[in-house]
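Note sheet for the following structure.
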Amino acid sequence: LLFPVSNLCGKCRPRDTDLLQPSLNFLYWSLHQTTPCSQQRAVAVLLSNVSLLELLQKVLECTWLWSPPSRPAYLSSEDALLCSGWLLVASLLLYQHRYNTEVHQTLSVDLTEVLNAVIFRNKKPILLLVSIMQFLRAVLRQNFSSSLLVIVGQNTAPSATQPQPSSLQDTALHPLAMQQVFSLVVSLQNLLVHKDLLLSQAVVACLETLVEYLYVKNQDVALHVASQPWHRFLLFTLLSGDQKSFLQPEVLRLMTLFVRYQSSNIISQKEISQVIREAAEANIAELSEATSCALHLFLSQV
């Protein structure tokens, strides 16, 4: 079925949302739900279809074109198609890298537009933000060096008028700039305050990947980002309200991040002890799978 469905997609235009959106969803789930031995073949089939990749290029570009000032509160058919497009491309990046699959057609993405979509949001639906963050995680994990992807809108060499320390940091973090990194971190923190489960999971995962990327590029910058005092305020904001327990997946993963990068000004021995005490008193069998995994990672890190 991958052959006819991918060929059908290649004959469509981005405006054919009723046909394209379920078709792209089918391709996405075919990649994720197939057996491991068939996954490599599925990736090869999709990456060899030049018409499909050209269609995906147009769909991604529509993200910046389909942004009316008064976006509806619900997920429109256009937004749903954009979600499917970004998720499929993120998956193709992941599996192309895993299997080193031959690429017949590259995709071009403006990094500034992607970052601004998260930083400024511009009333984009939560599901679309989550999909774009999945893509951002994929390119960060691959150090912006995927053979499937061409990054445009990159920062050029730092200007001579900039302070020298900032120039050195921007060069080390290329294609990101320090200002973009801090703007992105602040925006991710603000998105976490919404306390939407799906959004929280995506935001924490994106923050984890971003700090990992920074640590490889420049350890001082990564540790500086991980130890921002605002993180502590964010942590206790997440603990306010009805759910005051530390045993929330996004809270546990955030604390794991701070422990990993030794941000003792954000999480103290007192908070670590409280998590362990709550875990000891909890009925482990009643915890959700997400909470159990997050708790396991936290305890392992400690």
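The values are calculated or read from the model by the stated rules, or taken from the named source; none is laboratory data. This is a predicted model, so every value here is computed, not measured. Virtual Cβ from ideal backbone geometry, glycine too; neighbours counted across all protein chains shown. Surface accessibility is based on the protein's heavy atoms, side chains included, excluding ligands, DNA and RNA. Shrake-Rupley method; radii C 1.70, N 1.55, O 1.52, S 1.80 Å.
Count of region 3-45 residues, restricted to those that are closer than 14 Å to Gly85 by Cβ, in contact (Cβ under 8 Å) with a residue 24 or more places away in the chain and either open to solvent by 50 Å² or more (accessible area, probe 1.4 Å) or not hydrophobic (A, V, I, L, M, F, W, C) (or both), is 9. Listed by first and then second residue, the pairs linking a residue in region 92-120 that is free of Cβ contacts under 8 Å to residues at least 60 places away in the same chain and under 23 Å from Ser51 (Cα atoms) to a residue that is in a strand (DSSP E or B) and of a type in the set (A, V, I, L, M), with Cβ atoms under 6 Å apart and 6 or more places separating them unless they lie on different chains, are Thr106/Val150; Leu107/Leu149; Ser108/Val150; Ser108/Val152; Asp110/Val152. Look at region 134-147: where a residue is more than 18 Å from Asn218 (Cα to Cα) and a partner is aromatic (Phe, Trp, Tyr) and not in a loop (DSSP other than H, G, I, E, B), sitting 6+ places away or on another chain with Cβ atoms under 8 Å, you get Gln134/Trp86; Phe135/Trp86. Look at region 220-237: where a residue is under 13 Å from Phe182 (Cα atoms) and open to solvent by less than 30 Å² (accessible area, probe 1.4 Å) and a partner is part of a loop (DSSP other than H, G, I, E, B) and not aromatic (Phe, Trp, Tyr), sitting 6+ places away or on another chain with Cβ atoms under 9 Å, you get Ala226/Gln262; Ala226/Ser263; Ala226/Ile266; His231/Ser263; His231/Asn265; His231/Ile266; His231/Ile267.
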